[in-house]
Amino acid sequence: MRLIQFETVYQITFMPRIFPVNCYLVEETDDLTLIDTGLNFCWKGILHAASAIGKPIARIALTHPHADHIGSLDKLKEQLPQAVVYISERDSSLMYGDFTLKKGEPKFPVRGGFKKNLQTRADLLVSDGDFIKSLRVISAPGHTPGSIAFYDIRSRILIAGDALQTRGGLAVAGDTRILFPFPAVATWHKKSAVRSVERLNELDIQLLAVGHGKVLKTPGPQIERALQRIREKLR
């Protein structure tokens, strides 16, 4: 496990050399918000990181419900029964195995691995523009129908989940990077992902943090190049 601080955000990386999976602890005045829970063995490392920071985890916010992002949710909720769990309203059904597409959504199958027999229920469902303390919720469908990103309005750090990856090279969800193809394989709808990243790149992003890979500073021009790469493939 690797723990690195970037102002108000701590990146926790599991298996950094093999299959990097990132979770994030966002520091507030009195407590922490955990973004994503990693795989099913990650919970001890997450609790250790929070202990090292010296503040309790009060909230668990999920970018989307793939198994490598909610794998430790049940165990963490068992250890932190007071923690409030957030997910997008749209992806809440995916958490529990309902992959039915909603009216108006592109008719593409939902992809990726999901945790079976999840016991934890989301406490609050969020939508675009909501706030979780200092984090603004931004709708970012594409990787899943209801993927969301979180923008820290203090530090201007964007935690994008799997809307983007940096492992294997910066890429928009759905754009296969040979050295790390897994997010692309698990992506629901590429054109939706492109539109989402176009919108995300309108933000003043000082630091981009993703589900898989290292952070990028002032990433705007690099994101634009990644968008151009996938646009050319989709023509």
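The values are calculated or read from the model by the stated rules, or taken from the named source; none is laboratory data. All of these numbers come straight from a predicted model, not from anything done at the bench. Ideal geometry is used to build each Cβ from the backbone, glycine not excepted, and the neighbour counts take in all protein chains shown.
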Task: Residue match in the stretch 75-95 (condition: out of contact with any strand residue (DSSP E or B) (no Cβ under 7 Å at 6 or more places or on another chain), of a type in the set (Ser, Thr, Tyr) and under 25 Å from residue 193 (Cβ atoms)) - done: yes
Task: the stretch 151-171, residues that are closer than 16 Å to residue 220 by Cα and in contact with a Lys or Arg (Cβ under 8 Å, 6 or more places away or on another chain) - done: 151, 165, 166, 169, 170, 171
TODO: Go through (1) surrounded by fewer than 16 Cβ atoms within 10 Å (Cβ to Cβ); (2) over 16 Å from residue 124 (Cβ atoms) and name the single condition residue 105 misses.
DONE: (1)
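Determine which member of the set 214, 233 is surrounded by fewer than 19 Cβ atoms within 10 Å (Cβ to Cβ), part of a helix (DSSP H, G or I) and in contact (Cβ under 8 Å) with a residue 40 or more places away in the chain. Let's see the steps before the verdict.
Details: 214 fails: part of a helix (DSSP H, G or I).
Exactly one of 214, 233 is surrounded by fewer than 19 Cβ atoms within 10 Å (Cβ to Cβ), part of a helix (DSSP H, G or I) and in contact (Cβ under 8 Å) with a residue 40 or more places away in the chain, namely 233.
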Open item on the list: Based on this model, can you work out whether residue 129 counts as out of contact with any Asp or Glu (no Cβ under 8 Å at 6 or more places or on another chain), surrounded by fewer than 21 Cβ atoms within 10 Å (Cβ to Cβ), at pLDDT 95 or above and on the phi > 0 side of the Ramachandran plot?
Closed with: yes
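Can you confirm whether residue 61 is more than 16 Å from residue 40 (Cα to Cα), out of contact with any Pro (no Cβ under 6 Å at 6 or more places or on another chain) and among the small types (Gly, Ala, Ser)? Explain how you work it out, then say what you get.
Working: more than 16 Å from residue 40 (Cα to Cα): yes; out of contact with any Pro (no Cβ under 6 Å at 6 or more places or on another chain): yes; among the small types (Gly, Ala, Ser): yes.
Yes.
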Open item on the list: Suppose we keep only residues that are farther than 16 Å from residue 51 by Cβ and in contact with a Ser or Thr (Cβ under 9 Å, 6 or more places away or on another chain) within the stretch 3-20. Which one would you say is surrounded by the fewest Cβ atoms within 10 Å (Cβ to Cβ)?
Closed with: 4
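Can you list the strands (runs of 3 or more DSSP E) lying wholly within the stretch 48-162 that have 1 or more residues being under 18 Å from residue 208 (Cβ atoms) and not acidic (Asp, Glu)? Lay out the reasoning, then the answer.
On the way: elements: 57-61, 84-88, 124-126, 135-139, 148-152, 157-159.
Counting at least 1 such residues, we get 57-61, 135-139, 148-152, 157-159.
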- [ ] Please work out which residue is surrounded by the most Cβ atoms within 10 Å (Cβ to Cβ), limiting yourself to the stretch 21-74 and to residues that are touching a helix residue (DSSP H, G or I) at 6+ places or on another chain (Cβ under 8 Å) and over 20 Å from residue 94 (Cβ atoms).
- [x] 46
- [ ] Determine whether residue 99 is of a type outside the set (S, T, N, Q), closer than 23 Å to residue 152 by Cβ, touching a Pro at 6+ places or on another chain (Cβ under 8 Å) and at pLDDT 95 or above.
- [x] no
Open item on the list: Looking at (1) in contact (Cβ under 8 Å) with a residue 12 or more places away in the chain; (2) more than 30 Å from residue 225 (Cβ to Cβ); (3) surrounded by fewer than 21 Cβ atoms within 10 Å (Cβ to Cβ), which one does residue 134 not meet, given that it meets all the others?
Closed with: (2)
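Hey, could you check the stretch 158-192 for residues that are of a type in the set (A, V, I, L, M) and under 15 Å from residue 112 (Cα atoms) and say which is nearest to the chain's Cα centre (by Cα)?
Filtering the stretch 158-192 for residues of a type in the set (A, V, I, L, M) gives 158-160, 163-164, 170-173, 178-179, 184-186.
Imposing the further condition that a residue be under 15 Å from residue 112 (Cα atoms) reduces the set to 163, 173, 184-186.
Numbers: 163: 8, 173: 12, 184: 14, 185: 16, 186: 13 Å.
Across the stretch 158-192, the extreme among qualifying residues is 163.
Of the residues that sit in the stretch 75-86 and are without any contact (Cβ under 8 Å) to a residue 40 or more places away in the chain and touching a Ser or Thr at 6+ places or on another chain (Cβ under 9 Å), which one is surrounded by the fewest Cβ atoms within 10 Å (Cβ to Cβ)?
If we filter the stretch 75-86 for residues that are without any contact (Cβ under 8 Å) to a residue 40 or more places away in the chain, which is where we start, we get 75, 78-82, 85.
Right, trim to touching a Ser or Thr at 6+ places or on another chain (Cβ under 9 Å) and you get 75, 78, 85.
Working: 75: 19, 78: 11, 85: 22.
The extreme case among them is 78.
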